[in-house]
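The values are calculated or read from the model by the stated rules, or taken from the named source; none is laboratory data. Everything numeric here is computed off the predicted structure, so don't read it as measured data. For neighbour counting, all protein chains shown are included, and Cβ atoms are generated from backbone atoms with ideal geometry for every residue, glycine included. Remember, those area values only see protein heavy atoms, side chains included, never the ligands or the DNA or RNA. Shrake-Rupley method; radii C 1.70, N 1.55, O 1.52, S 1.80 Å.
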Amino acid sequence: MAMGDYDLVVVGHGTRAIALARKARKLKARVGLITSVHPWDRAMIEAVIDRVRLAPNTLFPTLEALSPLEDLEGLQSSGVDVILSEEITFCDRQTLLVNLISNNLSSSSQNRRKLKSRRFVIVKDVSPPLRKIIGLNEIGYLTYDSLFKLLESSNLDALDALTILGGDSLSCAIAQLLHNLGVKVKIVSESRVLPEFDLGVARILQAHLEIQGIEILTGCLVTAVSDQKLWITTSLGTSTLDRDRGEYILLPSFNNSHDLNWAGAEIKVKDGEILLNSKLQTTNSHIYLCHQFRDIDIILKNCLFWAIATSQPEIPSALCLTIPVVASIGENEIAARLRYGKDLQILQGYEQGDNLQFSKVLYRSNGQIVGAHLVGDRAEELLASVAIIMERKLKVSELMGIEVGALSTLCQEISANLWAKNWRSFWFRLFS
C-alpha cells in the first residue's frame, strides 16, 4: 500500500474536524487538516446560541471573543499540517487537489497542491439536499454557517429581516435569538416546525414563538423567489408572499455539502447521501465520513489500526436551544403506539405561566421507558437521566431509591400509575 504524504488527511471545519486531527496526532500519525478560515459548524453554532440565548445582547461580544485561528495555530504547533482552502477535489481514490488560500497560517500566497494519504476523513454536518427553487441562486441566500460569518463580520444593521425556509430545531433557535435582537423573522416550512420532535412539543413551541411575534407558515412549498415576492404552493393553490427589500433568505443547510468529485474518488451517492457501511467507510475503503463526535473513535481505530470497529445504533435524541428548551429522546407517541399497542402508557404533565413546563413520558406496563418529550428548564436534566435509563434498559422499579431531583418525581408518578393499573386489572379479573 502506498503510504503517501500523510497517514490521515481530515477534510472539514469546526470542532469535530479539529478534535479528530488532534486525537490522530496524539496517536503519532502524520496528519493533515484541510479547513476553512471561518470554521462554523453545527456544534459551534449551538454552543454560541446556548451561551447567549438568555442574554441576546451578548451575541456580538461572544462572536468577537471567538478566535478560530488560535485553535488552528495550536493544532499546527502540535505537528498537524494545517492547510487553509475553500476549493478541494479528489483526483483519484487516494489523491486530493487543493487550491490553497495559504500553505501556512501566516502566508497569503495562492497555489495548488496535490496531497496523497493512506486514509481520508470527510467531516460534514448532516443537512438535507437543497431543493431547487426558481430564482434562488440569482438573488442569493444564506446557510447556517454563512449567516454566522455575516454576523461575525458586521452588526444587525445589515440584517433587518430574515425569512427561514425550514423549521428544524436549529432554525427555530436562530429565529428566536434574532427576533429578540430586533430582526423581523419569518419561518416558512414545508411540513411543520420541529419535524424531528414529537407533535405535542412541536405545537407548544410553535405557539410560544408565535406569541412572541415570530410569523410561522406551515404546509407551504416555496417554488420561486424574486426580489420582492415568494411564490408559495399550498393545498389551496399558489399565492405570493411579499418580501421586504433587502430581506435575507436562510436555507437550513451548511455549505459543506459541495461535491468533492465523488465519482473521481469512486464514492457512490444515493438521493444526495453518501453511502456508508457500519465502519463509517464510503464505497472507497480509503475514505471515511464523520457526522458526529461519537464517530471519531471508531474512525481513528479503523484508519490507523485494524478496520474492525463498527458503529452501533444509538437511541435517537434531539435538543432545541430555544426558550423554553425542547428535548426529545426515544420514540414519538405515534411510532410507539404502532409498535406497542395497548402495552403503551403515557404520563403527561403541563404547567402554564411564566415558567412553562411540559412532559410526555412513554412507558410500557413492565416499567420500561421508551420515549420522553420535554419542554422547560428541567428538560436538559431529565433528558440526560432518561438517556442513561434507556441505554442501560433499566425499569422504573429499579430506580425507586432515587429521592431527589426531577427524575425522582417522574419515577414515583410512573410507579403509582402502574400500581393503580395493575390493582384495577387484578380486581377486574377476580370478579369477571
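Points worth noting:
Yes or no, residue by residue, for (1) in a loop (DSSP other than H, G, I, E, B); (2) open to solvent by 10 Å² or more (accessible area, probe 1.4 Å); (3) of a type in the set (Gly, Ala, Ser); (4) modelled with pLDDT under 90:
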residue	(1), (2), (3), (4)
Ala21	no, no, yes, no
Ala43	no, yes, yes, yes
Val48	no, no, no, no
Arg51	no, yes, no, no
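- Considering residues of segment 313-326 that are open to solvent by 10 Å² or more (accessible area, probe 1.4 Å) and not hydrophobic (A, V, I, L, M, F, W, C) only, the residue nearest to the chain's Cα centre (by Cα): Ser317
- The residues of segment 77-87 that are surrounded by fewer than 18 Cβ atoms within 10 Å (Cβ to Cβ) and either in a strand (DSSP E or B) or modelled with pLDDT under 90 (or both), listed by number, are Glu86, Glu87.
- Residue list for segment 375-390, restricted to those being part of a helix (DSSP H, G or I), open to solvent by 40 Å² or more (accessible area, probe 1.4 Å) and not hydrophobic (A, V, I, L, M, F, W, C): Glu380, Glu381
- Within segment 169-198, the residues that satisfy the criterion of being among the polar types (S, T, N, Q) and within 16 Å of the chain's Cα centre (by Cα) are Ser169, Ser171.
- Of note, Ala372 does not satisfy the criterion of being open to solvent by 10 Å² or more (accessible area, probe 1.4 Å), out of contact with any Pro (no Cβ under 9 Å at 6 or more places or on another chain) and of a type in the set (Gly, Ala, Ser).
- All strands (runs of 3 or more DSSP E) inside segment 217-265 with 2 or more residues being open to solvent by less than 70 Å² (accessible area, probe 1.4 Å), farther than 30 Å from Val37 by Cα and in contact with a Cys (Cβ under 6 Å, 6 or more places away or on another chain): 229-234
- Condition met for Thr283 (closer than 23 Å to Pro128 by Cβ, surrounded by fewer than 18 Cβ atoms within 10 Å (Cβ to Cβ) and touching a Lys or Arg at 6+ places or on another chain (Cβ under 6 Å)): yes
- Inter-residue pairs, beta-carbon under 7 Å, first within 16 Å of Arg42 (Cβ to Cβ) and among the polar types (S, T, N, Q) and in segment 145-162, second open to solvent by 10 Å² or more (accessible area, probe 1.4 Å) and assigned to a helix (DSSP H, G or I), 6+ apart: Ser146/Asn255
- Across segment 233-252, not a single residue is classified as at pLDDT 90 or above and of a type in the set (S, T, N, Q).
- Count of residues meeting criterion [over 19 Å from the mean Cα position of the chain (by Cα) and of a type outside the set (D, E, K, R)] in segment 373-387: 4
- Scan segment 150-196 for residues that are touching a Leu at 6+ places or on another chain (Cβ under 8 Å), surrounded by fewer than 15 Cβ atoms within 10 Å (Cβ to Cβ) and within 20 Å of Ala65 (Cβ to Cβ) and the total you get is 2.
- Some residue of segment 29-49 being touching a residue at least 24 places away in the same chain (Cβ under 8 Å), among the basic types (Lys, Arg), touching a Phe, Trp or Tyr at 6+ places or on another chain (Cβ under 9 Å) and more than 19 Å from Phe254 (Cα to Cα): yes
- Scanning segment 97-148 for residues that are touching a Lys or Arg at 6+ places or on another chain (Cβ under 7 Å) and closer than 30 Å to Ala307 by Cα, we see that the one that is modelled with the highest pLDDT is Val123.
- Restricting attention to segment 111-164 and to residues that are among the aliphatic types (A, V, I, L, M) and within 30 Å of Asp81 (Cα to Cα), the residue that is nearest to the chain's Cα centre (by Cα) turns out to be Val126.
- Looking across segment 336-359 at every residue that is among the hydrophobic types (A, V, I, L, M, F, W, C) and in contact with a strand residue (DSSP E or B) (Cβ under 8 Å, 6 or more places away or on another chain), the one that is most open to solvent (accessible area, probe 1.4 Å) is identified as Ile346.
- Among the residues of segment 350-368, those that are within 27 Å of His208 (Cβ to Cβ) and either touching a residue at least 40 places away in the same chain (Cβ under 8 Å) or assigned to a loop (DSSP other than H, G, I, E, B) (or both) comprise Gln352, Gly353, Asp354, Asn355, Leu356, Phe358, Ser359, Lys360, Val361, Tyr363.
- Number of residues in segment 391-412 that are open to solvent by 40 Å² or more (accessible area, probe 1.4 Å), more than 30 Å from the chain's Cα centre (by Cα) and at pLDDT 70 or above: the value is 4.
- Filter result for Thr310 (open to solvent by less than 70 Å² (accessible area, probe 1.4 Å), over 26 Å from Pro56 (Cα atoms), modelled with pLDDT of 90 or more and in a loop (DSSP other than H, G, I, E, B)): yes
- Looking only at segment 265-281, residues that are among the β-branched types (Val, Ile, Thr) and within 15 Å of Arg118 (Cβ to Cβ) come to 0 in all.
- Close pairs from segment 294-319: first without any contact (Cβ under 8 Å) to a residue 40 or more places away in the chain and under 22 Å from Ile389 (Cα atoms), partner open to solvent by less than 30 Å² (accessible area, probe 1.4 Å) and part of a helix (DSSP H, G or I), Cβ under 6 Å, at least 6 apart: Ser311/Ile298
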